[in-house]
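Asker: For reference, the structure I am asking about is given below.
The values are calculated or read from the model by the stated rules, or taken from the named source; none is laboratory data. Keep in mind that what you see is a predicted model, and the values were worked out from it rather than measured. Reconstructed Cβ throughout: ideal geometry from the backbone, glycine too, with neighbour counts over all protein chains shown.
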Amino acid sequence: MTSGALTRSLTIGEFAELTHLSVRTLRRYHESGLLEPDRVDPFSGYRYYTAAQIPQAQVIHRLRELDVPLAEVRQILATSDADARAGLVAGHLHRLEAELDRTRAAVVSLRRLLDPAAPPDVVLRAEPARLVAAVAGDVAHDEVLTWYADAMTELDGALAGHEPLGPAGGHYDNALFRDGRGPVLVYRPVADPPEHGRVRPVELPAAELATVVHRGPHDDIDVTYGRLGAWVVEHALAVDGPVHETYLVTPADTPDRSAWRTEVAWPVFRLTP
């Protein structure tokens with residue numbers, strides 16, 4: 001009796017109740033080839049399942065809740081090796097986490113844009129010419145973060161034992177934002193910059209800068225730049241060179257994201273009337 005109860009067929013309605021999946025969902029899983037019934041009555045077309053299919057149905061449901069594409073669900077189900085299955089699922093979870101990060105960043109930016117904005121605390125200052133250790137490259141916009149991390153790692157390795165003369169910074173050509181690709185340079189100011197790998201001594205030219213300090217992570221740094229740009233236009237100034245960033249307080253200094261500080265600046269000149 002017990003064996004018969006465990007192996008008896010379940011109607012689609014009974015299977016729906018046991019799995020907490022709707023009949024409509026089960027039919028959709030069948031039609032898409034994700035979950036075939038144990039058998040289909042050739043005369044009535046009724047679908048019948050077994051209790052052994054319950055875990056598979058629930059795995060499919062969880063994967064679809066995570067927006068795993070149908071092709072990947074089929075691949076996961078067809079993979080018998082547990083480590084390989086875990087790797088496939090982990091890959092999708094990493095993509096989801098990246099998408100969540102992008103969503104959070106968009107929400108932060110939108111909230112700042114929708115809130116009444118206090119005038120930015122802009123400071124005009126003269127930046128003297130400086131000799132720095134730098135890494136330069138022509139970079140695609142969607143590769144900037146990876147390029148930056150690699151370049152800074154190379155800088156730090158080449159400058160071991162050099163006393164820093166100030167915070168690190170970067171110059172980002174306007175073409176990077178306008179065209180999606182452009183020259184980028186990151187640097188650390190040190191005495192006697194070495195030549196090592198991609199690291200080279202570079203003289204940064206003197207510039208008149210309009211600056212403001214961005215607080216927190218870079219999720220909404222574009223909003224800060226937008227407000228700085230509006231201030232520049234309102235004060236009859238024009239942009240004269242690449243975006244300047246100076247990393248005053250970074251993740252290397254503190255894990256507290258709210259404490260991070262980045263000075264953002266544009267070289268400017270006054271428009272003639």
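Asker: Provide a single number: the residues in region 30-61 that are touching a residue at least 40 places away in the same chain (Cβ under 8 Å) and over 17 Å from residue 9 (Cα atoms).
Answerer: Total meeting the criteria: 3.
Asker: Residue 100 passes all but one of (1) under 34 Å from the mean Cα position of the chain (by Cα); (2) not in a helix (DSSP H, G or I); which number fails?
Answerer: (2)
Asker: Mind listing whichever residues of region 186-208 are surrounded by fewer than 19 Cβ atoms within 10 Å (Cβ to Cβ) and in a strand (DSSP E or B)?
Answerer: Scanning region 186-208 gives 196, 200, 201, 202, 203, 204, 208.
Asker: Among residues belonging to region 223-246 that are part of a strand (DSSP E or B) and under 22 Å from residue 188 (Cα atoms), point out the one that is nearest to the chain's Cα centre (by Cα).
Answerer: Looking at residues that are part of a strand (DSSP E or B) and under 22 Å from residue 188 (Cα atoms), I get 245.
Asker: Follow-up question, since we're still on this one. Given (1) over 27 Å from residue 97 (Cα atoms); (2) within 30 Å of the chain's Cα centre (by Cα), where does residue 43 come up short, assuming only one miss?
Answerer: Of everything listed in (1) over 27 Å from residue 97 (Cα atoms); (2) within 30 Å of the chain's Cα centre (by Cα), residue 43 misses just condition (2).
Asker: With the checklist (1) modelled with pLDDT under 95; (2) assigned to a strand (DSSP E or B); (3) surrounded by 17 or more Cβ atoms within 10 Å (Cβ to Cβ) in hand, flag the one item residue 219 doesn't pass.
Answerer: In the conditions (1) modelled with pLDDT under 95; (2) assigned to a strand (DSSP E or B); (3) surrounded by 17 or more Cβ atoms within 10 Å (Cβ to Cβ), residue 219 misses (2) alone.
Asker: So, one more: Taking only region 138-175 into account, find how many residues are under 19 Å from residue 251 (Cα atoms) and either in a helix (DSSP H, G or I) or in contact with a Cys (Cβ under 7 Å, 6 or more places away or on another chain) (or both).
Answerer: The total comes to 14.
Asker: I need every pair where a residue in region 10-29 that is in contact (Cβ under 8 Å) with a residue 40 or more places away in the chain has its Cβ under 6 Å from the Cβ of a residue that is buried (at least 17 other Cβ atoms within 10 Å of the Cβ) and of a type outside the set (Gly, Ala, Ser), sequence separation at least 6 or different chains.
Answerer: 10/49; 15/49; 21/61
Asker: Are there any pairs with C-beta distances below 6 angstrom linking a residue in region 249-267 that is among the polar types (S, T, N, Q) to a residue that is crowded, with 19+ Cβ neighbours inside 10 Å, with the two at least 6 apart or on different chains, and if so which?
Answerer: 262/214; 262/245; 262/247
Asker: Take the residues of region 247-269 that are hydrophobic (A, V, I, L, M, F, W, C) and assigned to a loop (DSSP other than H, G, I, E, B): which is nearest to residue 123 (Cα to Cα)?
Answerer: 260
Results for (1) touching a residue at least 60 places away in the same chain (Cβ under 8 Å); (2) assigned to a loop (DSSP other than H, G, I, E, B); (3) among the basic types (Lys, Arg), shown as yes or no for each residue.
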site	(1), (2), (3)
63	no, no, no
68	no, yes, no
72	no, no, no
77	no, no, no
87	no, no, no
96	no, no, no
104	yes, no, yes
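Residue-wise test of (1) closer than 19 Å to residue 176 by Cβ; (2) surrounded by fewer than 13 Cβ atoms within 10 Å (Cβ to Cβ); (3) among the charged types (D, E, K, R); (4) modelled with pLDDT of 85 or more.
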{"residue": "228", "(1), (2), (3), (4)": "yes, no, no, yes"}
{"residue": "239", "(1), (2), (3), (4)": "yes, no, no, no"}
{"residue": "243", "(1), (2), (3), (4)": "yes, no, no, yes"}
{"residue": "246", "(1), (2), (3), (4)": "yes, no, no, yes"}
{"residue": "253", "(1), (2), (3), (4)": "no, no, yes, yes"}
{"residue": "257", "(1), (2), (3), (4)": "no, yes, yes, yes"}
{"residue": "261", "(1), (2), (3), (4)": "no, no, yes, yes"}
